[in-house]
Structures are given as C-alpha cells and as structure tokens.
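The values are calculated or read from the model by the stated rules, or taken from the named source; none is laboratory data. On a predicted model such as this, the values are computed, not experimentally measured, just so you know. Cβ atoms come from the backbone with ideal geometry, glycine included; neighbour counts cover every protein chain shown.
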Protein chains: 2
Amino acid sequence: MRTFLDNQVPAPAGGAAPDISRFLATIRQRFTLSEHEGDLIASQFQEVVELNAGDYIAREGQKIGFCSLILDGFAARFKETAAGERQIMEVQIPGDFVDLHSYPLEVLDHSIAALTPCKVARLPHRALTQLIEDHPRFARILWFATMVDASMHREWLLNIGTRNGMARIAHLMCEIYSRSQLVGLTEGGKFRFPLSQTQIGECLGYTQMHVNRMLKKLRQVGVIAGTGQVVEILDWEGLQRLAEFDPAYLYLSGREG
Amino acid sequence: MRTFLDNQVPAPAGGAAPDISRFLATIRQRFTLSEHEGDLIASQFQEVVELNAGDYIAREGQKIGFCSLILDGFAARFKETAAGERQIMEVQIPGDFVDLHSYPLEVLDHSIAALTPCKVARLPHRALTQLIEDHPRFARILWFATMVDASMHREWLLNIGTRNGMARIAHLMCEIYSRSQLVGLTEGGKFRFPLSQTQIGECLGYTQMHVNRMLKKLRQVGVIAGTGQVVEILDWEGLQRLAEFDPAYLYLSGREG
DNA sequence: CGAGGGGTTGACGTTGTTCAATGAGCGTGG
DNA sequence: CCACGCTCATTGAACAACGTCAACCCCTCG
C-alpha cells in the first residue's frame, strides 16, 4: 500500500444513480424502507469516484460539503499523533456511509482514507438537507446510523482498554466478519480482510511485530487460517469465545419492525 | 464510593422547570439559541431525581423512555467485560445531556452511572419528539451534541491506543479541566476531579497502582498538585504539551455564528 | 473500635516494544 | 529477462512499560 496521499481520480457518474444496495441492506436490517424511498436516496448521489489505496476521502480539520458512501473497497477512520503514530478508529467496508459525521459536525475531527482501491459515491450536504426536509423520517435513520458508529467506538475502547493479546485481534476479526456478512461479502467462513499487519496494529494499539506473533498464535490454536487478503474462520464459536464477542453493539437486529 | 447499585431516590420536581443553564451554555458555545428557545427546552423536563454515587442512570440493554441531563455531580459511561473489568468511555460533568444516545438507539449498548451524588433532570423521549417536530432546528442541535460524544470517543481511542504513562493521564486531566471551564466549574487552575485512582484506571486501561505511580510523577514534574477531590493545574502549557492536548475535538468554538 | 474504601510503596512477573536481520512477492526500468 | 527497490511478513534477543502480589497507611462511617 502506498502512503496516505491525496490524488483522486474522479470518474463520470454517467447520469444513472449508483448501486447503493449494500447501504440500503444495512438500513433495512433495522428500519423498514420502501423501494421508492431507497430509489429516492440513491437518486440524490451526484458522482462516483475511484480512489487508490492511500487516498483521502476526508481530512481532519477540513470543511467538506458532501458525504461519501463506499460502494467497493476498504477504508479507515483515523487520527495521528505529533510523532506520526496513527490510530485507526473504525474500519469501513462496502455499504458504509463513512463521513455522515461531517454533516452535523461540518468540520471533521479525524481523517478517512482508502485502505485499498475504492469506489465511492458522493452525496452533497445540500441534497441531504433537502432529503430530510421532505422526509423527516430520514433524519432519525441517519442519526441512528451515526450513533452506531459511536457504539462501535465504545466497543473498541473496551477492546483496547481491557482485552489483550489474541483476544484483541480476535475481536477485530469477529467484527469485520459480522459486518461483511451483513452486506453479502462472506463465503462460508471466508471473508476479505485486506489490512496489513501494520494497519491491524494501528487499529489495536500494537506494533506490527506483536500483531504478527498474535496472528501466528491464532493460527496455531486453529480458530483462523489464511495470512493474506482473505481470512478463513475455522472455529467461529471458539473465536467469539476468545474475543468475548457480543454483536449487540452493532445493532444488527430490527428496531421498528 | 459504593459499588454500582440501583437504588434511585426520586425527588419531586415541584412544578418549576429545572435550571439547565449549564447545558444551554454548552449549546450556545456552538449555536445561537434564543432565551425563549432555552426556556422551551427547560420546560419539557419532567422530574429531577437525586442519585447516590454508584446509582445507575441508564443500563446496558435496557429500553428507556427518557433522557437525563446532569445538573450536579459526576457520572460515567462504561461497559464491563465478563471478568468484571470496567472500561469507562466518557466522564460526564454537570451540563452534560448524558443519554441522548438512547433516543435514536432506543436500547443502549452501555451503562451510565453516577460517580458522585448527582442531581439529574429527565426528559421523556415523547417530549423530545414533539420538540423536534415543532422546531426541526433542534434535531440538528441534538444530533450535533451526540456527535461530539463520538468525537470524544475517538480522541480517547487515540489516547489509549498511542499515548502512554503520564501523557495518558495528563490528557484526561486536560479534557475534564477544559470541559469544566465551559460550564463555570473552575477556579483559577483548580477544578473538581472526584474520580478515585481505580476509576481513572478504568478510563485509561491502567491498574490503580500504575495510576498512582503516574500521578506521583505528574506531581513531581510540577504540572499538577492536589491528590484528593480537587486538582490544581500548576503549569497548563506544560500539561498540554505533555498530553499533546488539542481541544479541537471538543468542538468548543462556534459554528453557526 | 473495627470494617472497608481509598491511597502508597516495593519486589517481581508478564506483556508488549525495540532493534535488528532475513526472506518473499511485486512492479519498474534497464 | 533480470536487477533493483519497495512493502510486507517473519523471527530472535534485549529491554521497558505495566500488572500482580502483598503489605501498610490514612480516613470515614457505622
């Protein structure tokens, strides 16, 4: 992966609304949403851009006028210390409406960058405001979506603050697997996990070397297999037990009905 | 402090609207809000309850129908592991609208409990819904308030994930001092900091013994003084530098104008 | 006056870091 | 085609940060 650079390659949207079905799937997991409402949201997206690994989607301190939805690829929210250490706060997968936070906040407190090549659809804040005015119900849905991010932040705090070694890494695996499953990105126990060991360390507060050793132990214990871009879960129950993983914080079950 | 128990002592609100001026001050720091609008919000609060240290304000997994605003005292958001280790995710001070998250989420992913005796005003979700319907502007303001919590979670992740020793503790001190200042709870460099060393540890992922040693070092270096309920900052610049504290994540400056 | 919550301190063990060397894979240019 | 520079992964040994165990203090409250 290249370092976090800023060269974006805009691609013409071609007039047709982008395929945001993965995003809609995450919404419909929790709210009822008619086909018409889904199309309405999709039609508001203005452009689709292709990003390289390392490209910024949003930048700390910047005032941006649009939100981005990941159609394809992986991204991450992160902040950096003065010494250049990076802390990743959330891994973003296809279907994630990544910088919805920028809508109420206007100026972002953190950055978001592509971890792999990404396809991203953009929705101007103006269109969002209009959408909410016409359909006040959407405000609650979008507010809810951002609150799930906050819930995930809290679980990560619990993870980094109280768990150690294999459990910490196992928990990250469990989360990404569960979320990938929701948007149809798993095949049996296999799922895409394109983070380098360095990036896993940046998620968990570990060095790359320590991540390497813990991954080795996880493989030795027999809960996961695969070392590259694709991870296979050999013992889902065991992995969950090891990580003390309880998916409640992801709010995957329905609310309204 | 007693352990986190569940005995709440309701106190009659007496008909008059509670004094939520500290909360309004935090809002007015970022948005313009007329006196009338402030009174309108205050009038919606239904009851004021007095809590003992350790009492729950909200409980993980519970479905609650109201939000709580801290009028007086300190509280904390936290989660627990199976082993009983507690991770505090946010320290709540007077003026904080603590479980506004429960409004969009309905079921909370974490618990909130009083750290000291607390006075808390309650606002039913129904009243909140009505308030937003009548004044759509309030939705943005409240959404914003919850997003600042998310921003604080991210800074805590950075703190626990990348900083160590004295810096980690210094950062917590800087945050509580800055936020206390906003609601008029500082006197010179002095502010109330009623967390036990155990609780500080639960915020930062340290044991009580390690917190003790780091506090000792902070005192030796001469940036803070005081060991009990009240902490005095002797060298604000030095403390900030040590902690790499940048208050931007608290969104204390105005937005709308 | 005894129990129990906090705080303080020391010796020692564990977890995770640092430094350092090595190899595998992959795209680029000669 | 191969050499090269690069990123990523792997491993070992020394070291630092932090946790554990244990003892002791002070204070408050019943």
- Note on the structure: Exactly one of A:Met214, A:Met173 is more than 14 Å from DNA strand C (Cβ to nearest atom), surrounded by 17 or more Cβ atoms within 10 Å (Cβ to Cβ) and modelled with pLDDT of 95 or more, and that residue is A:Met173
- Which of the residues spanning region B:135-178 are basic (Lys, Arg), at the interface with chain A (Cβ under 9 Å from one of its Cβ atoms) and out of contact with any strand residue (DSSP E or B) (no Cβ under 8 Å at 6 or more places or on another chain)? B:Arg140, B:Arg163
- Query: Are any of the residues in region A:90-113 polar (S, T, N, Q) and at the interface with chain B (Cβ under 9 Å from one of its Cβ atoms)?
  - Reply: no
- Item | Residue that is farthest from the other protein chains (Cβ to nearest Cβ) [pool: residues in region B:114-127 that are among the charged types (D, E, K, R) and out of contact with any Phe, Trp or Tyr (no Cβ under 7 Å at 6 or more places or on another chain)] | B:Lys119
- Exactly one of B:Ala121, B:Ala127 is surrounded by 20 or more Cβ atoms within 10 Å (Cβ to Cβ) and small (Gly, Ala, Ser), and that residue is B:Ala121
- Message: Out of everything in region B:231-257 that is assigned to a helix (DSSP H, G or I) and not hydrophobic (A, V, I, L, M, F, W, C), what residue ends up being surrounded by the fewest Cβ atoms within 10 Å (Cβ to Cβ)?
- Response: B:Glu237
- Query: Within region A:103-158, which residues are at pLDDT 95 or above, small (Gly, Ala, Ser) and either in contact with a Cys (Cβ under 7 Å, 6 or more places away or on another chain) or assigned to a helix (DSSP H, G or I) (or both)?
  - Reply: A:Ala127, A:Ala145, A:Ala150, A:Ser151
- Task: Could you identify the single residue in B:Leu115, B:Leu123 that is under 18 Å from B:Phe193 (Cβ atoms) and in contact (Cβ under 8 Å) with a residue 40 or more places away in the chain?
- Result: B:Leu115
- Message: Scan region B:86-107 and tell me whether some residue there is within 16 Å of DNA strand D (Cβ to nearest atom), at positive phi and not assigned by TED's automatic domain parsing to the domain that holds B:Phe193.
- Response: no
- Name the residue, out of B:Ala83, B:Ala42, B:Ala58, B:Ala75, that is modelled with pLDDT of 95 or more and within 14 Å of chain A (Cβ to nearest Cβ). B:Ala58
- Item | Extreme residue, surrounded by the fewest Cβ atoms within 10 Å (Cβ to Cβ), among residues of region B:179-204 that are within 14 Å of chain A (Cβ to nearest Cβ) and more than 10 Å from DNA strand C (Cβ to nearest atom) | B:Leu204
- Note on the structure: Going through (1) in contact (Cβ under 8 Å) with a residue 24 or more places away in the chain; (2) away from DNA strand D (no atom under 16 Å from the Cβ); (3) away from chain B (no Cβ under 13 Å) one by one, A:Asp235 fails only at (1)
